[in-house]
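To keep things clear, I will list the structure first and then write my remarks on it.
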Amino acid sequence: MPSTHLRQNQLLKARHIVVKLGTQLLTDDTGKLDQTYIQHMADQVAQLHSQGFWVTLVSSGAIGAGLAELKLSKRPKDVAQLQAVAAVGQRKLMTCFHDAFEKHSLEVGQLLLTRSDLDDRVRYLNFRNCIAATHRFGCIPIINENDSVAVDEIRFGDNDMLGALACNALRADVLVILSVVEGLLDDQGQRIDLVENAKSGMKYAREDKTALGTGGISTKLEAAQLVTDAGEVAVIANGRIANVLVELFAGRQGVGTVFVPAKKKLNSRSRFIGQTSRPSGKITIDDGAAKALTHKGKSLLATGITQVKGHFEHGQVIEVLSTDGVSLARGLSNYSDAELKLIQGKRSNQFLKILGREAYAEVIHRDNMVVFK
Ligand code: GLU
């Protein structure tokens, strides 16, 4: 697909966009939040907002801001101290955004999320509804990880993935990841304009993590892949380019790297099952069952199951693996792990005797399953 086409059609036609801002962009050389930059970003968001866009921001910078507020030269190793740094910094970050948007008479709303908030169907839907209501009030929602309680999020999480999961949950049209690089760079260091398949871009991934943020180019590519797999557009661009957001959504050529979306958009249910909710358990199936799933579009029956791992209840998302450990599908299990261990390898006409009750013939019904290509 030519880049001109994608930029002029999909970016120009976008209505709801998610913009992820990296720590390096938001802080100056001394590590303090850069109010001039935040103002420039708010000016652009305000302009898009006045054009009818819903702009949801995913902002890093809490830990960086907290370090500056507390005059610490480096991130503390102690988890509780790091959480405290985030708590102080998040307040400062929101003050900066508040002051910047106030100039446009716009209110901001703060949403702090942990990974598990998006695993849970009810909280996932609450999140979606809250963002939509915030936009309907004419306010700008600003999301960050809830670093003050989410220990593993601080250590392993990054806001690129949070941005992608938020974009998917909100069914936004575009995820824009802004950082201090021009986009995805090839081996000669030149910006790649258009990437047909985010996975293929991995060959250009180099370790370029910054001191303050947690993501590198690989996490940005993973985020781009998640969004494009769901059928939406992803862009990686340099947030320091003047008016970068306004230019991008005016369809300007030559800004950032644009990632081509999959032809088919995934519906909300498939996004939740296949991409957002982390599986609570894993089951391995034999080759016959694998073929029934991947080639024949069938539901998963207990007869083909050879192994059950993890703890899960009826209704939770589980992952289905082939005998050689390849992830074939994810779906909502009709059984807990304990029940599955009793019926694995068995036919459904034996379930009554084994479980002492009538039960579903399928372990995962086709309608509740996402099969990977
Ligand atoms: N949530 C972290 C913060 O606000 C940033 C994580 C990231 O940079 O990806 O400091």
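The values are calculated or read from the model by the stated rules, or taken from the named source; none is laboratory data. Being a predicted model, the structure only gives us computed values, none of them experimental. Because the Cβ atoms are built from the backbone with ideal geometry, glycine has one as well, and the counts that use them run over all protein chains shown.
Considered as a group, the residues in region 69-85 that are buried (at least 19 other Cβ atoms within 10 Å of the Cβ) and either modelled with pLDDT under 95 or under 30 Å from residue 14 (Cα atoms) (or both) include one that is farthest from the ligand (Cβ to nearest atom), and that residue is 83. Residue pairs whose Cβ atoms lie under 6 Å apart, sitting 6 or more positions apart in sequence or on different chains, and linking a residue in region 167-188 that is closer than 13 Å to residue 223 by Cα to a partner that is buried (at least 19 other Cβ atoms within 10 Å of the Cβ) and basic (Lys, Arg), are 168/271; 177/20; 177/220. Scan region 310-317 and tell me whether some residue there is outside any loop (DSSP other than H, G, I, E, B) and surrounded by fewer than 20 Cβ atoms within 10 Å (Cβ to Cβ). Yes, region 310-317 contains a residue that is outside any loop (DSSP other than H, G, I, E, B) and surrounded by fewer than 20 Cβ atoms within 10 Å (Cβ to Cβ). Taken over region 53-63, the criterion of being farther than 15 Å from residue 178 by Cβ and either crowded, with 23+ Cβ neighbours inside 10 Å or within 12 Å of the ligand (Cβ to nearest atom) (or both) is satisfied by 62, 63. Within region 299-334, the residues that satisfy the criterion of being farther than 18 Å from residue 359 by Cα and of a type in the set (S, T, N, Q) are 306, 307, 322, 323, 327. Restricting to region 230-247, name every residue that is more than 17 Å from residue 192 (Cα to Cα) and buried (at least 23 other Cβ atoms within 10 Å of the Cβ). 230, 232, 245, listed by residue number.
Kindly evaluate residue 133 against the criterion of being hydrophobic (A, V, I, L, M, F, W, C), free of Cβ contacts under 8 Å to residues at least 40 places away in the same chain and farther than 25 Å from residue 49 by Cβ. Against the criterion (hydrophobic (A, V, I, L, M, F, W, C), free of Cβ contacts under 8 Å to residues at least 40 places away in the same chain and farther than 25 Å from residue 49 by Cβ), residue 133 does not qualify. State which residue pairs qualify: first residue within 8 Å of residue 281 (Cα to Cα) and inside region 307-331, second residue surrounded by 18 or more Cβ atoms within 10 Å (Cβ to Cβ) and of a type in the set (Asp, Glu) in any location, beta carbons under 9 Å apart, and separation of 6 or more residues or different chains. Close Cβ pairs (under 9 Å, with a partner that is surrounded by 18 or more Cβ atoms within 10 Å (Cβ to Cβ) and of a type in the set (Asp, Glu)) amount to 308/337; 309/337; 310/319; 310/337; 311/337; 312/337; 318/337.
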